[in-house]
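Here's the structure we're looking at; comments come further down.
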């Protein structure tokens, strides 16, 4: 993912300003609140949404002062959604790096998430342009819809492509799309600029989540930073699974494995093998490719400049990333 | 509490419109999301915030069309905070009526809360007046700060008046204050109207939370709808406790009881007896009285009309309510 950030050379210095501002914004007199927020910031993250926001701004009277509150707000919304995703029920465990939940518990997670989200609203309320508020509030509603759908359909093998696309649009694509679009909007860009950016963001967001879901099954465990098959363990039915449940000669066995709410490592690996052999991985890469192609079609509508080349490379990179 | 709503006769019909709109707003294609939201609405609630919002509007060119999105948004923010308060950790249990958490689990609670809150943002973003967005985003940040402080200070006997007032201002008073103020703002009222309403709301909000905290110890269990001493069980140190920890001849014993993370009913009743005998209840009622007095001083600055009398009665009612 560092390679992806290398692509963003034109905004490197301003991303540092965003980073400083993120640490600044979460300071509060409450020690615990500051500690948990700083923990989240230190845990890293690619700051993709601020990056896309700044790149969007580059298409029209770029002004970091106009972009800074928005770029920070986008990352805060993303962080809030991550920390809320960590909230679990008593029966569940989560592997990998310590999360806010693991360190401080569910109740703190929920209120820290609320705090970060509310902080983003203060930043957003500094903009007079109603489109910014409207897009971000719509996106927030839909992000929650996506999360709820993910929970209510977990371990459910009767899912179709439309359910999957409904979910990843809400979970991922909408906020990336908003980031690309609103960066341009914040700088005063007209529709001819911000609409293609919105579509570009939407399609790379979809492709990004599909490759994320593929990598959860095929990535090198060390590069991924967590054990593979996490989605299968949590009962999240992703694109390769939907394909395999339809096409695999061993779909009955796969079905039995998927619905088990507690799976052994061996069962997870067996499910992944069935999915791989079904062609589900290749199918999913092909779908991601189609989205990337669509992203590039919309990008082509924008004026030629170095940023356009960067966004083309970013789209290309999503296809080939390994982690 | 029904008596309180009787006071609000002037806005009875418009409150019904708010109620209908609340049910309308939470409709979504997602069955689970609609079901949980409707469950929350059916669980009742006094709709105090919408009521104060409409009453605020009565002081200046009252227009239900201008007030409706705001009144609904205020209740949604309140509901979101309640459902997030239900999120618990594995070690905790909660008594009383089934909550969203008890019925659907932590993960659903967190995302339903996010959904309701995000829905409120869509409504708020329909207002052009920046003060509305600013006050509500500030209030949301501070509400989270209050919740975090409540968690981080639970079972901690080294708390002072300022910690308590910091918390109840954030947990309760700010949103009631915003409701009173912004109702007037939404109708285009000038500062001379909305500032006294802000202060009135703040002081009755403080008094309201203090009496709530008193009732948690002295109310009739059936009228309260839950066992008494809930705050003590959860380790929340309220005003009567702070007083007793300072003044009671049995403060050492009280301290030992308070810090126990699991208390028997007998221990809860013993703690309440110590607090009552210390004069902590009377002291707290006196503080609530002082806030009510302050609320009335600010109310006096407003033009005389029937709504002003209603708000005076509402302030008076907070003192004498039994549940």
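Every number here is computed from the coordinates shown, using simple stated rules; none is lab data. Bear in mind the structure is a predicted one, so any value in this text is a computation, not a measurement. FYI the Cβ positions are ideal-geometry reconstructions off the backbone, even for glycines, and counts take in every protein chain you see.
I'd like the distance separating the alpha-carbon centroids of the range A:217-277 and the range B:104-164, in whole Å.
Answer, in whole Å: 38.
Where does helix B:130-152 land angle-wise versus the long Cα axis of chain B, in degrees 0 to 90, nearest 10?
Computed tilt is about 10 degrees.
Between residue A:305 and residue B:16, what FRET efficiency comes out of the Förster formula 1/(1 + (r/R0)^6) with R0 = 56 Å and r the beta carbon distance, rounded to 0.05? Let's see the in-between values first.
Numbers: r = 56 Å, r/R0 = 1.01.
The pair residue B:16/residue A:305 has a calculated efficiency of 0.50.
Could you work out how far the C-alpha centroid of the range B:33-50 sits from that of the range A:280-309, in angstrom?
The range B:33-50 and the range A:280-309 have Cα centres separated by 44 Å.
Express in nm, to one decimal, how much length is gained between residue A:262 and residue A:293 on full extension, taking 0.36 nm for each residue of separation and deducting their alpha carbon distance. If you can, show how the numbers build up before the last one.
Details: separation 31, 0.36 × 31 = 11.16 nm, distance 3.83 nm.
Stretched out fully, the residue A:262 to residue A:293 stretch lengthens by 7.3 nm.
Using only the Cα atoms of the range B:175-280, what are the Rg and Dmax in Å?
18.2, 55
Taking only Cα atoms of the protein assembly as shown, what ratio of Rg to Rh do you get with Rh as the Kirkwood inverse-distance radius?
On the way: Rg = 26.3 Å, Rh = 26.4 Å.
We get a ratio of 1.00 for the protein assembly as shown.
Which of rounded, prolate or oblate describes the range B:2-320 when judged by the alpha-carbon gyration tensor and an a/c cut-off of 1.5? Write out the running numbers ahead of the final one.
Working: a/c = 2.02, a/b = 1.32, b/c = 1.53.
Because a/c hits 1.5 or more and a/b fails to exceed b/c, the range B:2-320 counts as oblate.
Quick one: angle between helix B:106-124 and the longest Cα principal axis of chain B, in degrees between 0 and 90, rounded to 10, please.
Orientation of helix B:106-124: about 30 degrees from the principal axis.
Helix B:31-42: angle to the longest alpha-carbon principal axis of chain B, degrees 0 to 90, nearest 10?
80
Which of B:307, A:64, A:77 has the fewest other C-beta atoms within 10 Å, and how do the rest follow up to the most?
Fewest-to-most Cβ neighbours within 10 Å comes out as A:64, B:307, A:77.
Once a ≥ b ≥ c are taken as the square roots of the eigenvalues of the Cα gyration tensor of the range B:1-72, is the result rounded (a/c under 1.5), prolate (a/b larger than b/c) or oblate (a/b not larger than b/c)? Intermediate results must be reported in sequence, preceding the final value.
Numbers: a/c = 3.23, a/b = 1.64, b/c = 1.97.
Oblate, because a/c is 1.5 or more while a/b does not exceed b/c.
Can you sort A:167, B:199 so the residue with the fewest Cβ neighbours within 10 Å comes first? Please report the intermediate quantities before stating the final value.
Details: A:167 22, B:199 19.
Listed from fewest to most nearby Cβ atoms, that is B:199, A:167.
Decide, for the range B:272-323, between rounded, prolate and oblate: order the square roots of the alpha carbon gyration tensor eigenvalues as a ≥ b ≥ c, take rounded if a/c falls under 1.5, and otherwise choose prolate if a/b is larger than b/c, else oblate.
On the way: a/c = 7.09, a/b = 2.54, b/c = 2.79.
Verdict is oblate for the range B:272-323.
When each copy gets a label point 7 Å from Cα toward the beta-carbon at residue B:161, what are the spacings between them in nm, shortest first?
Going from nearest to farthest copy, the values are 6.9 nm.
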